[in-house]
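What follows is one structure encoded as structure tokens, with my remarks underneath.
Nothing in this text is a laboratory measurement; each read-out follows from the coordinates by a stated rule. All of these numbers come straight from a predicted model, not from anything done at the bench. Ideal geometry is used to build each Cβ from the backbone, glycine not excepted, and the neighbour counts take in all protein chains shown.
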Amino acid sequence: MNPDLIRQTRRDFLGNVSSGLAGIGLSKLLSNELRAEAITGPHFAPKAKRVLQIFCPGAASHLDLWDYKPSLIKYDGKPLPGEENMVSFQGKNGNIMKSPWPFVPAGQSGKHITSMLPHLAKHVDDIAFLHGLHSKTNTHGPGCVFVNTGHPTEGFPAAGAWASYALGSQNENLPTYVAIQDVRGEPPNGKANWSNGFLPARHQAMTLAAHRPIRNLTRPAPISSSEEAETRNFLKILNSAHAAERPQESELQARIAAYELAARMQLSAPEVSDLAAEPQHIHRLYGTDSSNQLKSAYARNCLLSRRLLERGVRYVNLYCASRASGVDGLLNWDAHKTLRADYDRHCPIFDQPTAALLTDLKQRGLLDETLVLWCTEFGRMPTHQQGTAGRDHNPDAFTLWMLGAGVKGGLSYGETDEFGRRAAVNRTTVWDFYATVLHLLGLNHKQLTKYHNGFERRLTDVHGNVIREVLS
């Protein structure tokens, strides 16, 4: 027996026990770092290989776009039964307000949507509308982050980062995950909407837009192509040797991979961003030639999205609108005061380019393996804000939709109540939504986890059920 063990005092023993437990904890943390990149490939055969997520920040009104409520017409101007003195996000509400535009039946399914979206109306038979959504928050920043990450606070990975972490890249020359910002700016809470959170750094989205080319891709004039190539090869040797001695440092591996990707993108990114290579009939389809500069800018981003998806980018976030501004509803869909004027502005920007993107994906056969999502952070009230002609925030009811790979089209799942005030039938959470998205990507949402700060974290938190009614 070791004589040092015999001579140990009680205090020595307790001290060694505590340090030993710390060592056990450290080994657990290190083992999780070592398996940080261990998840590769789907859990079962996927229906979708890639995702396009269209996001309209500002809480686009379900009652004025997708969720037809005849009672708003019947009781227009009258108090909302049972909530006559309702106080919501920005104060007291007035009476029931019908939509300024009629709803019209569309497609073989006869789905009623607003007459303000005539181009998107042609796609309703491919769309599964989810009308029973409700949120944990009524504030734009947390609401956007919640719908993108499954958590209302910052610091968690976005859905695209989880897809990158689980499935990896389909094209080694382009990013796995891309966020395309609107020409009007970032959405509420900015980069937290496409963050890698606690996942390795390489799973954060690369930001890109048709109006903003990728920076720092051009080689400085004094450096020749051969000199650059030789320098890269030398750096690769140094990086490989350095990494081989430190296999546990996932951030180092991610940094090396990011530099290598940047080098490859010097050749691939200019090609994918070259919208001039597209024929004129495609530009006309999308509306890139529109005299409305906001519409033409969004149309170019839609076209860029298709080019990224067809080249193997795994997950594309496409934004239509940006942060709130001093004038409500000017830069995004947050129509507190002047709903008619705001949506008369936003719907034409959104309608033709989005519909063209869906048409283009379908004509090229890409929709068979692409899952398309439409999102916003929450809904709007069936009443008008007192003293205005707009609607306040409503976290208790909103609509999301999906179409494409593995989705049953021409379907409406879930219902709000008679006035669209609250989700009432087949109430649906953001976690259910993402459980379904991951299922279509061939992933079990309960098995896609990452250990962080004492918890096995996942996109769906500790909730979520696959909505099997919308699966084809």
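Net charge in the neighbourhood of Leu63 (other residues with Cβ under 10 Å of its Cβ; Lys, Arg +1, Asp, Glu -1) is +3. When peptides 170-182, 233-245 are sorted by average Cβ neighbour count within 10 Å, with the highest value leading, the order is 170-182, 233-245. Cross-link partners for Lys450 among the lysines, with Cα-Cα distance under 29 Å and sequence neighbours closer than 8 places in the same chain left out: Lys28, Lys47, Lys49, Lys136, Lys191. Candidate cross-link partners of Lys74 among the aspartates and glutamates, defined by an alpha-carbon separation under 14 Å and a same-chain spacing of 8 or more, comprise Glu418. If you plug the beta carbon distance of Asp125 and Ala276 into 1/(1 + (r/R0)^6) with R0 = 30 Å, you get a FRET efficiency near 0.35. In this simple spin-label approximation, Lys74 and Val87 carry label points 7 Å from Cα along the Cα→Cβ vector, and these lie 3.2 nm apart. With neighbour counts taken as other beta-carbon atoms within 10 Å, the residues Arg202, Arg212 rank, fewest first, as Arg212, Arg202. Couplings 3J(HN,Hα) for region 407-423, derived from phi with the Karplus relation 6.51 cos²θ - 1.76 cosθ + 1.60 (θ = phi - 60°), are 9, 7, x, x, 10, 10, 10, x, 9, 8, 6, 3, 10, x, 7, 9, 5 Hz, where x marks Gly and Pro. Modelled label positions at Arg284 and Ala244, each set 7 Å beyond Cα in the direction of Cβ, lie 5.9 nm from each other. Bridgeable aspartates and glutamates around Lys92 (alpha carbons under 12 Å apart, same-chain partners fewer than 8 residues away excluded): Glu83, Glu84, Asp392. Less than 5 angstrom separates the built amide H of Gly185 from none of the residues sequence-distant by 5 or more or on a different chain.
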